[in-house]
Amino acid sequence: MDKIEAFWQEFLKDTGRPKDTPCFEVFHFELTETLANELLALVLEGKKRATASSLHAFEANNEAIPAVGDLSVVTDWDGNPRCVIETTAVTILPFKEMTYEICKREGEDDTLESWQKGHHRFYEEEGKALGYEFSPDMPVVFEDFRLVYKR
C-alpha cells in the first residue's frame, strides 16, 4: 500500500467514514516547492480556506471540477500526504470579477492587487505548460474548503 492510500485509510478509520468513501483528488498547491509548502502550511494553520484554479487547466487535463462534499488529500511538494480537505462551495467567475471579499479566503494576500499579481503570474506559467493564455476574462474556479483531517 502506498503512502497516499495508507493515509487515506487512516483518515477513513479515524473519522468513522465508510471504507468506500471516494477521494476526489490528491494534489499540492502551486508550481514551486517553496510556494507549495508555504500554502500547505497556511491550510494546516487554518488560514487558507479556499483555492483558485483556472477552468482552462481542468479542461486541458480533462479533470472534473470539484463539487461540494468532495474530499481531497493535500500533499507537500514531495508528495507526502499532510491533510484532507472537504469542498464547501464552488464558484466560477471571470478573473476580472474577483473581489477581495472572495479572494481573501485563500489566506495568501492582504489586498486584491496582491492576489491579482500572484495569480496572474501563476496562470501565465501554468498556461504556458498547458496550452492556454491568461486573460482578464478567463474563468476562475474558486473552491472554498474546510480542513477535515491532518496528520
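Read-outs: derived from the displayed coordinates by stated rules, not from any lab. Since we're looking at a predicted model, the values are computed, not measured. Note: ideal-geometry Cβ built from the backbone for every residue, glycine included; neighbour counts use all protein chains shown.
Rounded to the nearest 500, what is the 222 nm mean residue ellipticity of the chain from helices alone, with -39500 (n - 2.57) per DSSP H run of 4+ residues and division by all residues?
-11000 deg cm²/dmol
The antiparallel fraction among DSSP beta bridges confined to the range 3-146 stands at about 85%. Converting the Cα gyration tensor eigenvalues of the range 2-71 into ellipsoid dimensions via √(5λ) gives semi-axes, longest first, of 23, 18, 12 Å.
Restricting attention to the range 75-151, which GluC sites (Glu not before Pro) occupy a DSSP loop and are surrounded by at most 16 other Cβ atoms within 10 Å? Write down the numbers at each step before the final one.
Values: sites: GLU86, GLU97, GLU101, GLU106, GLU108, GLU113, GLU124, GLU125, GLU126, GLU133, GLU143; in loops: GLU108, GLU133.
Counting only loop positions with at most 16 other Cβ atoms within 10 Å, the GluC sites (Glu not before Pro) in the range 75-151 are GLU133.
Among LYS128/LYS150; LYS19/LYS48; LYS19/LYS150, which pairs are too far apart, with a Cα-Cα distance over 30 Å? Table pairs above 30 Å Cα-Cα are LYS128/LYS150. Under 5 Å between amide hydrogens, built in the peptide plane, is the criterion, and for GLY107 it picks out ARG49 among residues at least 5 positions away or on other chains.
Taking amide hydrogens as placed 1.01 Å from N in the peptide plane, the amide H of ILE92 sits under 5 Å from those of PHE142, each at least 5 positions away in sequence or on another chain. Around the Cα centre of the chain, unit charges on the Cβ atoms of Lys, Arg, Asp and Glu (plus for the first two, minus for the last two) sum to a dipole of about 520 debye. Phi-derived couplings, Karplus 6.51 cos²θ - 1.76 cosθ + 1.60 at θ = phi - 60°, listed residue by residue for the range 101-117: 4, 7, 5, 5, 5, 6, x, 9, 10, 9, 9, 4, 4, 5, 4, 4, 4 Hz, with x used for Gly and Pro.
Would you order CYS23, CYS83, CYS103 from fewest to most other beta-carbon atoms within 10 Å of each residue's own beta-carbon?
Details: CYS23 16, CYS83 19, CYS103 22.
Taking fewest neighbouring Cβ atoms as first place, the list is CYS23, CYS83, CYS103.
Taking the Cα centre of the range 9-48 as origin and assigning +1 to Lys and Arg Cβ atoms and -1 to Asp and Glu Cβ atoms, the resulting dipole is close to 220 debye.
If you wrap the range 3-146's Cα atoms in a convex hull and average its projection over all directions, what's the area in nm²? Before the final figure, lay out each step's value.
On the way: hull surface 33.8 nm².
Reported value for the Cα convex hull: 8.4 nm².
From the alpha carbon centroid of the range 1-41 to that of the range 107-130 is 24 Å.
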